[in-house]
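Asks: Next up is a structure, given as structure tokens.
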Amino acid sequence: MPSPFSSNSPQGDDTPELPPPPKYHSAVGGIRQLIFGRSLPTSGAGHQRLPKYLALPIFSSDALSSNAYATEAILGILMILQGAHGSALPYALPIAVGICALLIVVVLSYQQIIYAYPDGGGAYPVSRDNLGTLAALVAAGSLLVDYVLTVAVSVAAGMAAVVTMAPGLHTHLVPICLVIILVITLLNLRGVRETGGVFAAPTYVFVVAVVTTILAGVFAIATHASYATNALQAGHAINGNLIPFQTVGIYLLLQAFSQGCTALTGVEAISNTVPLFQKPEDKNAVITMRWMALLAIVMFFGLTYIAQQFGIQPMDQHAGGYKSVVGMVAERAWPPALHWMFWVVQISTALVLVLAANTAFAGFPQLASMLARDNFLPRQLANFGDRLAFSNGIIILAVAAGALIYLFNGIVEELLALYAIGVFTSFTLAQIGMVLRWLRLRTPGWQLSLFFNALGALATGAVTLVIGYSKFADGAIISPHFHFGPYHPHYGAWLVIVLVPIMVVTFYKINRHYMQLREELTLEGFTPVEPSRNVVLVLVPRLHRGIVEALAYARVVSEDARAVYIETSPENTKRLKEEWDTWSGGMPLVIIESPYRSLIGPMLRYIEAVQSERTDDVVTVVVPELVTRKWWHRILHNQAGPLLRFALSSRHDVIVTSVRYFLEK
């Protein structure tokens, strides 16, 4: 009968044919499989690619759902000058037009990145190949921070929609947000395809609900519907009492524009995850991005227009009775007979905002894995988990987003103070990198691609400067309602600016460690020195079956094997000597007195004495260790073995071997 480990390879190599693993390795393994799903083989990675109808809700949910708070963010800034002398709210519409034009430019320029870099990664590989390492790491750090903010803002905004329907949940905002992040994390750990099935329906329902609400609002405005009379009158009063531009000032408009640019967050997610699309990956990614842009423009501009025409003013989320702008639009756009659409809009908005965090859960681990493969992040981040997902990156993202939710109390307007500047920094670096690429390569059709990327570089660069100025100049007034303890909003924005350089320095330090490791471990020019003798020292606390087995192992390893007993009690030493000749197998026993009852110190001194005997030997310390059937039994036994192993862990000239003995009953 052939061995189950014999090789049946037609190439005749030495790869063993292993028996299949058992269904469950343990009770813990069974629970783990129930939660995360059955492990998938590496050969199944290609089968986890997404069709366009699933890729749209997974990778575009952030860009689409940001319309639920982008309009509210603009109106929140313009409300600063709201009063008896007039209103600045009508400026929201031209600001929205500018943001929609910017979105078109960004999408056109990112299409060129998708075609040029079908392996994904977006701004990071573009900057790495065309601008150098420093620019690439700045882009990567900015995007990683933005992904964390995407999760925090999306979940917090989703709960704001829930509070609109159920105000009593306002006091439980933070714990509910943390539970939601945990659920999304578990879904992503199961793998992208199963996550896509969960995310598709709410996203499509949200899009249909918002678009039909916009159409209903346009109908009510055009027909002067009676059920919308009060809202229309309020809108006419606001629009007819416009504060002059000189009074509003360029600074306030820049503030509103920078806050509204949160509508563009998530646009780059598709270019970062091109390898997850079905073949042809680049073509399917471009088509998906175009659909995302079209839907985002219709929803963002439509909601801003309806909100302006109805005279809707955002409410303070800190106060009771809060209602979101999207909720107020739905309340006033639909006639009483169709008021149930308000609940459809709010429920779908809440779901898609919460699930929009999935965009970051797809992009963050993918980008982190690329940095890890380039030795700028720990290599564990490049490893696939059991479900062909980058599990380590998913977990890190969840922890970081949860920390932000806790620190900022789950309030959207406070989290938005940190938003947008990171993503536009990466936008700008990516577009500049693409311009240099086309000028260098001059591939067929490069002129048109150069035009789109140059336009994108100018537009996103200008917006980056606008956002930087608006968030940091004059104290960065973000909202008239803002109060985060003793902190001012610009502190949060400065946090992002400070964090990215810290991340870049950390990337370089990690990379330097891996480079030094490679230099020290290389086989190039290496001449191994074989030790002529191996001295084995067995720690013997007393004699029993487990110790006898350790002694037998030591005799097999080396002819020079010695048992070492640290004497803390003369009575125990006497008993050990009486039994030693019977069970030791002839191994010499070294007794070391320890007047201060210390174990580690005398053992270390004896190891040094053995090493001083000869310079061409190696010392191996055998540590017998008891393994109990129940975990809590371990605390009932002496932990001298693990303590000694820990003390020797930093000694490069000593080999430590554990010989375990098990309690079966």
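Rule-based calculations on the coordinates, nothing more; no lab input. Just so it is clear, the model here is predicted, and its values are computed rather than measured. Ideal geometry is used to build each Cβ from the backbone, glycine not excepted, and the neighbour counts take in all protein chains shown.
Asks: Long-range amide H contacts for Leu377: which residues qualify at under 5 Å (H placed 1.01 Å from N, peptide plane, sequence gap of 5 or more or a different chain)?
Replies: Residues meeting the amide H criterion: Ala372.
Asks: Considering the zone a paramagnetic label at Lys283 would reach in this model (a point 7 Å from Cα along the Cα-to-Cβ line), which residues of the range 94-113 have amide N under 19 Å from it?
Replies: Under 19 Å, as judged by backbone N against the label point of Lys283, lie 111-113 of the range 94-113.
Asks: What is the spread of the Cα atoms of the range 58-517 along each of their three principal axes, largest first, in whole Å?
Replies: 71, 47, 44
Asks: Taking other Cβ within 10 Å of each residue's Cβ, how do Glu268, Glu625, Glu593 sort, fewest first?
Replies: Glu593, Glu625, Glu268
Asks: In addition: Quick one: which residues, 5+ away or cross-chain, put their amide H under 5 Å from the amide H of Val656? H built at 1.01 Å from N.
Replies: Placed amide hydrogens put Val621 under 5 Å from Val656.
Asks: What ranking, highest mean first, results for peptides 603-609, 532-538, 125-131 when packing means the other Cβ atoms within 10 Å averaged over each residue?
Replies: 125-131, 532-538, 603-609
Asks: Contour minus end-to-end for Thr657 and Asp119, with contour as 0.36 nm per residue of separation and end-to-end as the Cα-Cα distance?
Replies: Between Thr657 and Asp119, full extension yields 189.2 nm more.
Asks: Treating the beta-carbon of each Lys and Arg as +1 and of each Asp and Glu as -1, no other charges, what is the dipole magnitude of the range 220-349 about its Cα centre, to the nearest 20 debye?
Replies: 180
Asks: In a shell of Cβ-Cβ distance under 10 Å around Ala382, excluding Ala382 itself, what net charge do Lys and Arg (+1) and Asp and Glu (-1) give?
Replies: Counting the neighbours of Ala382, the net charge comes to +1.
Asks: Let's test the formula: R0 of 45 Å, r as the Cβ-Cβ distance of Val97 and Ser650. What FRET efficiency results, to the nearest 0.05?
Replies: My answer for the efficiency is 0.10.
Asks: For a label point 7 angstrom out from the Cα of Trp580 toward its Cβ, which stretches of the range 520-559 have the backbone nitrogen within less than 20 Å?
Replies: 535-556, 558-559
Asks: Could you list the square roots of 5 times each eigenvalue of the Cα gyration tensor of the range 533-662, that is, the equivalent ellipsoid semi-axes, sorted largest first and rounded to whole Å?
Replies: So the three semi-axes of the range 533-662 are 21, 18, 16 Å.
Asks: How many nm is it between the label spots at Tyr596 and Leu441, if each spot is 7 Å from the Cα in line with the beta carbon?
Replies: The modelled label-to-label distance comes out at 6.8 nm.
Asks: Normalising by the residue count of the range 58-517, find the relative contact order in percent from Cα pairs under 8 Å and 6+ residues apart.
Replies: 33
Asks: Which distance in nm do the two modelled labels at Glu608 and His172 give, with both placed 7 Å along the Cα-to-Cβ direction?
Replies: 6.2
Asks: Set the Förster radius R0 to 35 Å, insert the Cβ-Cβ distance between Leu643 and Tyr469 as r into 1/(1 + (r/R0)^6), and round the FRET efficiency to 0.05.
Replies: 0.05
Asks: Calculate the FRET efficiency for Lys630 and His339 from the Cβ-Cβ distance with a Förster distance of 51 Å, rounded to the nearest 0.05.
Replies: Working from the Cβ atoms, E equals 0.25.
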